[in-house]
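The values are calculated or read from the model by the stated rules, or taken from the named source; none is laboratory data. Bear in mind the structure is a predicted one, so any value in this text is a computation, not a measurement. Cβ placement follows ideal geometry from the backbone for every residue including glycine, while neighbour counts extend to all protein chains displayed. Just the protein is used for accessible areas: all its heavy atoms, side chains included, with ligands, DNA and RNA removed. Shrake-Rupley method; radii C 1.70, N 1.55, O 1.52, S 1.80 Å.
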Amino acid sequence: MKRVLSGLRPTGRPHIGNLLDALNNWRNLQDKYDCFFFVADWHFLTTAVEDIKNLPETIVDMVVDWMAVGIDPEKCTIFVQSNIKQHAELHLLFSMLISVSRLLRNPTFKEHVAELKLKELRKEKKKTVERIADATIERFLELVGEGFEKEKLKEKEYREILKVRLKESLLEGAFSIMGAEEEEISYGHLVSYGYLGYPVLQAADILIYKADYVPVGGDQLPHLELAREIAKRFNSIFSPVFPLPEPLLTSFPRVPGTDNRKMSKSYGNAILVTEDPNVLLEKVMGMYTDPEKIRKNDPGHPQRCPVFAYHQMFNKSKEMEIKEECTLGKRGCVQCKKEVAKAMIEYLAPYREKRNQILSEKKKITEVLKEGNKRAKEIAERTMEEVREAMSMWRD
Ligand code: TRP
């Protein structure tokens, strides 16, 4: 049986985006392949080391939801990355097989850096604007002198002088903001050494199990490519230990968040797979809708509306009807939201039930992870034996 491996960072309980782009797919794969699904907790730390406190609870919470949607420990191996120390050893050895500049060129890294730079720039700008405001106020006080010469402000000439001087100070500040934009923002101090090596660790995750296929979203393809490069390099320098992993891309709809941006925990726009029905209803009622549709009878643009996107995913049988009504201005958004919330609550009900059932025998979850960790460790250690042998590492 061919082997499949994939992981998710423990960012919290899965949301409906995770369900549609990863978990449904994992569930389908477990019948056809020898599947390994794991919690990438070390990867989580590369950007969130200070959030480690509740990690054990988050990991359990996440795995419970995996099982609730049908990831079945009888059919696949579920494990926690940090429990398999062999990943760390292989990561270290792989880190010698890749250059720093290759890692700096990695698109995910570049995007992350661009975001950090933007944040820094905003911070800088804010500081500058504050400085301008302060300077302008100072200047104003200076110009009007000690006592506020209100009477004089009525004189046209006096007012003109005041205006010109204040304008000068504002312009000076504004120019300094524009200058900052062109300057190269340094970011090195904002990125950890561990984060640069993110894809090297991911390569170790994949190759240590000699995975044939890796189901991932398109954003992860550059990482998979890097894993293949490292495998080739290792195989050619030492001996052919690693098969080259292939991506398993699935086409899934982009799942918008409640504000129509990409659904993400960090944006606060996510709906959980096992969301409480009242919370779900509240989130849906507060959703973004087509801004051009203000009144009930205004014609809407379903393609631009995340509420309609949810109808397409969770209320498929009514999709056409809703689309037509909305486009013709025969459907109000409030009604539309209520309907989709109802459909989602029904669709997700079995997952919620299963979650509660699993939570009632919590011991079983620790058992599942223990079992999975054991199986993963055996395979990982076998590969490491080969690796150490191929590299002629020291042995006693
Ligand atoms: N980088 C992946 C993500 O953020 C998580 C991950 C870590 C992973 N190691 C992996 C995915 C190995 C697939 C295979 O989603």
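Quick rundown of the values:
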| read-out | value |
| --- | --- |
| Search result, residues across region 22-40 that are more than 10 Å from the ligand (Cβ to nearest atom) and either farther than 24 Å from A349 by Cα or within 13 Å of the chain's Cα centre (by Cα) (or both) | K32, Y33, D34, C35 |
| R102 within 17 Å of K210 (Cα to Cα), open to solvent by 10 Å² or more (accessible area, probe 1.4 Å) and among the basic types (K, R) | no |
| Hits in region 30-56 - residues which are open to solvent by 30 Å² or more (accessible area, probe 1.4 Å), without any contact (Cβ under 8 Å) to a residue 60 or more places away in the chain and in a loop (DSSP other than H, G, I, E, B) | D31, K32, I52, K53, N54 |
| Of all residues making up region 231-249, the number that are of a type in the set (V, I, T) and within 13 Å of the ligand (Cβ to nearest atom) | 0 |
| Which listed residue, of V279, V307, is free of Cβ contacts under 8 Å to residues at least 40 places away in the same chain, out of contact with any helix residue (DSSP H, G or I) (no Cβ under 7 Å at 6 or more places or on another chain) and of a type in the set (V, I, T) | V279 |
| First in region 368-396 and within 16 Å of F94 (Cβ to Cβ) and small (G, A, S), second anywhere and open to solvent by 100 Å² or more (accessible area, probe 1.4 Å) and part of a helix (DSSP H, G or I), Cβ under 8 Å, 6 or more apart | none |
| Where R304 falls short, out of the listed (1) within 17 Å of K262 (Cα to Cα); (2) charged (D, E, K, R); (3) at pLDDT 95 or above | (3) |
| Residue, surrounded by the most Cβ atoms within 10 Å (Cβ to Cβ), within region 364-385, restricted to residues that are at pLDDT 95 or above and of a type in the set (S, T, N, Q) | N373 |
| Positions within region 162-200 being open to solvent by less than 20 Å² (accessible area, probe 1.4 Å) and either in contact with a Leu (Cβ under 6 Å, 6 or more places away or on another chain) or within 16 Å of the ligand (Cβ to nearest atom) (or both), in sequence order | L162, G197, P199, V200 |
| Top-ranked residue of region 256-276 - restricted to ones that are β-branched (V, I, T) and touching a residue at least 60 places away in the same chain (Cβ under 8 Å), ranked as farthest from G217 (Cα to Cα) | T274 |
| Qualifying position, being modelled with pLDDT of 95 or more and either loosely packed, with under 13 Cβ neighbours inside 10 Å or touching a Ser or Thr at 6+ places or on another chain (Cβ under 7 Å) (or both), among R388, R352 | R352 |
| Subset of region 231-275 [β-branched (V, I, T) and more than 25 Å from the chain's Cα centre (by Cα)] | I237, V241 |
| Region 9-29, subset among the polar types (S, T, N, Q) and touching a strand residue (DSSP E or B) at 6+ places or on another chain (Cβ under 8 Å), residue surrounded by the fewest Cβ atoms within 10 Å (Cβ to Cβ) | N25 |
| Region 224-274: number of residues that are at pLDDT 95 or above and among the aromatic types (F, W, Y) | 3 |
| So P243, is it within 24 Å of S82 (Cα to Cα) and open to solvent by 40 Å² or more (accessible area, probe 1.4 Å) | yes |
| Region 219-230 residues that are touching a residue at least 60 places away in the same chain (Cβ under 8 Å) and within 11 Å of the ligand (Cβ to nearest atom), paired with ones that are polar (S, T, N, Q) and not in a helix (DSSP H, G or I) (beta carbon under 6 Å, 6 or more apart) | P222/N106 |
| Segments classed as helices (runs of 4 or more DSSP H), wholly inside region 73-168, with at least 3 members that are of a type in the set (S, T, Y) and in contact (Cβ under 8 Å) with a residue 24 or more places away in the chain | 107-143 |
| Failed criterion for R9 (all others in (1) away from the ligand (no atom under 14 Å from the Cβ); (2) charged (D, E, K, R); (3) in contact with a His (Cβ under 9 Å, 6 or more places away or on another chain) hold) | (1) |
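Yes or no, residue by residue, for (1) at pLDDT 95 or above; (2) in contact with an Asp or Glu (Cβ under 7 Å, 6 or more places away or on another chain):
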| residue | (1), (2) |
| --- | --- |
| T46 | no, no |
| D51 | no, no |
| V80 | yes, yes |
| L92 | yes, no |
| K117 | no, no |
| A135 | no, no |
